[in-house]
1. Net charge near Thr78, counting Lys/Arg +1 and Asp/Glu -1 over other residues with Cβ under 15 Å of its Cβ?
2. Could you tell me which of the pairs Lys91/Lys171; Lys69/Lys146; Lys69/Lys112; Lys91/Lys170; Lys112/Lys187 are separated by over 23 angstrom between their Cα atoms in the structure shown?
3. Which whole-number percentage describes the relative contact order of the chain, with Cα contacts under 8 Å and a sequence gap of 6 or more?
4. Can you tally the net charge around Ala186? Count Lys and Arg as +1, Asp and Glu as -1, for every other residue whose Cβ sits under 13 Å from the Cβ of Ala186.
5. Got a sec? What order do Tyr195, Tyr223, Tyr151, Tyr161 fall in by accessible area at 1.4 Å, biggest, i.e. largest, first?
6. Over the chain, give the accessible area per residue in Å² for a 1.4 Å probe, as an integer.
7. Among the lysines, which have Cα under 30 Å from the Cα of Lys84 when same-chain residues fewer than 8 positions away are ignored?
8. What is the sum of charges, Lys and Arg at +1 and Asp and Glu at -1, for the other residues whose Cβ falls under 11 Å from the Cβ of Met228?
Amino acid sequence: MMVLSITLSAQQYTGMSGLIHTPTADMDSAVSVRLGGHFLNKEFTPDKFVFEGEKYHTGSFYMSITPFKWIELAYTITLMKFHKDRRPENKVGYYSKDRYFSLRVQPIRERKWWPSVVLGSNDFWGQRDGQSGSFYFRNFYLALSKHYEIYNQRVGVHIAYRHWAKDFNKKWNGPVGGLTFQPSFAKELRLIGEYDGDGVNVGADYLLFKHFLIQAAMQRGRYFSGGMCLTLNLL
């Protein structure tokens, strides 16, 4: 009963559709699920993600679902570095987690003469500010996407306007976007170039064995992030 119906469109560190670090107006197929994990270079995370004054590499794990073709939901866990039990005498490790929900709604689907439109947010609901320093990933965005078939190659044009709630993420505020390219000889491959508000990132997605979506990316051409997820359609 579980057959492939997945579009190559992952903003994979959250489990949602998108590019690498920026959103798009693409959506997964209806009743599709993603389960996966992602390595996050320290340059990829908010500047507030520090331990003893220094940023650190980390990882995220997520589960997302597209119950209908116009809405996506995700739950993401990002590992945080602390002393065990918050006691300075204890060893250091990933003993804490930042958890958040993401939501995307597509009121307009792509047609011949107009793009798809998505309204979305990461970390839109959760704890109040306090000692936990929550809402590290809170942002809101409006995204548009349009695809073109050129000699059987698929080219996507994506633009968005994004606002991050916290000042320590303001470098990513404003217009963002990018291009995607799926060659005719490898429809499972998607090449990505994007501007995330702070710099240019490049990367690629590849759908392996019809159910494993792999993403690898270089932020500003220098810092690697990447991961893999299981993709299933339940219809």
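The values are calculated or read from the model by the stated rules, or taken from the named source; none is laboratory data. In this text the structure is predicted, and so the values were computed from the model without any measurement. We place every Cβ from the backbone using ideal geometry, glycine too, and count neighbours over all the protein chains shown. Heads up: the accessible areas ignore ligands, DNA and RNA and are worked out on the full protein's heavy atoms, side chains in. Shrake-Rupley method; radii C 1.70, N 1.55, O 1.52, S 1.80 Å.
1. On the way: positive: Lys42, Lys48, Lys55, Lys81, Lys97, Arg99, Arg138, Lys166; negative: Glu43, Asp47, Asp98, Asp123.
Residues close to Thr78 contribute a combined charge of +4.
2. Details: Lys91/Lys171 33 Å; Lys69/Lys146 17 Å; Lys69/Lys112 18 Å; Lys91/Lys170 33 Å; Lys112/Lys187 21 Å.
Correct reply: Lys91/Lys171; Lys91/Lys170.
3. Numbers: 660 pairs, mean separation 49.2, N = 235.
Once normalised by length, the contact order is 21 percent.
4. Working: positive: Arg154, Lys187, Arg190; negative: Glu188, Asp205.
Net charge around Ala186: +1.
5. The ranking, largest first, comes out as Tyr151, Tyr161, Tyr195, Tyr223.
6. Values: 11830 Å² over 235 residues.
It amounts to 50 Å² per residue over the chain.
7. Lys42, Lys48, Lys55, Lys97, Lys166
8. Working: positive: Arg34; negative: Asp205.
Net of charged neighbours comes to 0.
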